[in-house]
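The structure under discussion appears below in the form of structure tokens.
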């Protein structure tokens, strides 16, 4: 019990900005892999899970000729910068921007998941993992914002 | 309904107690404001919807199967003999297992195949032997039958290129309907009566089923699978394949 309590206390001492930055890096790695593969004109490797090929070769994998994954790289880079900047400055506006952008990404992910399930008829496990990381980033930012707001008000 | 006031959060109580100890005047602890997060959420949701709308406008609606069929052709200058593409005496044999509905096969055909044709096949270093492994659905079976029927007229590789030129956005979505396969055969200048008879023959059915059985017996579980001189090629891209072929060549 003591170990668990100490572990939890240690965990709570980690700045949430670093948690967000870690999740952003995971998203960045996935989006970078997908971008590099698609920009080379190849299809991502899903291993035994098929579906990546079909999603990657569908008309929905590109927006205006640019692979969707490239936009994912851009979003993850911006989110990562915001998370690091928030960690260093504690400026709540940076957290708000991270929250807003990750929510925007979640809306797009919902649309893309709908396309995968009901239009393309295949699920790309890489895209799904990126989507999960985005939802996690949104939830962490939401949780932190709500708790910070309460704590700030209590300290007024 | 309770009339008791809302109990403040523990942090709020602690902060209020701390303020009391410092002799600061105690202020009523307000309930957390949520308009900030609400406003940002609304803005992000609106922006998300704008992005989705823009994507819909840029990409357009899902495309239906086009009315006309596209024409493909076997690579010029490369000898063909039945399901073999390249010089029959080439020292290296690439066994190619494909399903005509497989998007990765289409990607391989547009990314790796052209370089392979220009170099190893043109030089006579390697040859490709096609094997049907139709497993995605009825239209895979029908496309494989079309390949068999075209081969009966010595035009398999023209049909191979034509089938990939007409691969649909959705599997079993009508891209390889019987009418379209007949149109592809007509477009290639095949004897359509003979094509139809061969397509419907028991031999065509056997070609498809025996192909799938043989593929599975060879350990093939996905497409495209390439086996270079008996060794499964596990890399990707032309450069890796060229290296394997160079190593296999005497």
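Just so it is clear, none of the values below were taken in a lab; they were calculated from the coordinates. For clarity, every value in this text was computed on a predicted model and none was experimentally measured. Please note: Cβ atoms are built from the backbone with ideal geometry, for glycine as well, and neighbour counts cover all protein chains shown.
Worth a mention:
- Stretch gain in nm, segment residue A:118-residue A:93, where the contour uses 0.36 nm per residue and the Cα spacing is subtracted: 5.2 nm
- Ratio Rg/Rh [Cα only; Rh per Kirkwood] for segment A:8-147: 1.02
- Scattering curve values for segment B:203-243, log₁₀ I(q)/I(0), Debye with Cα scatterers, q = 0.15 Å⁻¹: -0.46
- Multiplying the residue separation of residue B:76 and residue B:200 by 0.36 nm and subtracting their alpha-carbon distance yields 41.6 nm.
- When you restrict to C-alpha pairs under 8 Å that are six or more residues apart and normalise by the size of segment B:72-156, the relative contact order lands at 39 percent.
- Scattering from segment A:72-156 was approximated by placing one identical point on each alpha carbon and applying the Debye formula without solvent; log10 I(q)/I(0) at 0.13, 0.22 1/Å stands at -0.48, -1.01.
- Placing pseudo-labels 7 Å out from each Cα toward the beta carbon at residue A:49 and residue B:138 gives an inter-label distance of 3.0 nm.
- Rg and Dmax of segment B:100-250, based on Cα coordinates, read 15.7, 46 Å.
- Kirkwood hydrodynamic radius computed over segment A:25-81 comes to 11.6 Å, based on all pairs of distinct alpha carbons.
- Peptides B:208-215, A:74-81 ordered by average Cβ neighbours within 10 Å, highest first: A:74-81, B:208-215
- Length released on extending from residue B:179 to residue B:232, taking residue separation times 0.36 nm less the Cα-Cα span: 15.4 nm
- Principal axis dimensions, segment B:124-202 - Cα atoms, whole angstrom, descending: 39, 28, 25
- Counted by neighbouring Cβ atoms within 10 Å, the residues B:131, A:15 run from fewest to most as A:15, B:131.
- q = 0.21 Å⁻¹: log10 I(q)/I(0) that the Debye formula gives for segment A:54-121, counting C-alpha atoms only: -0.87
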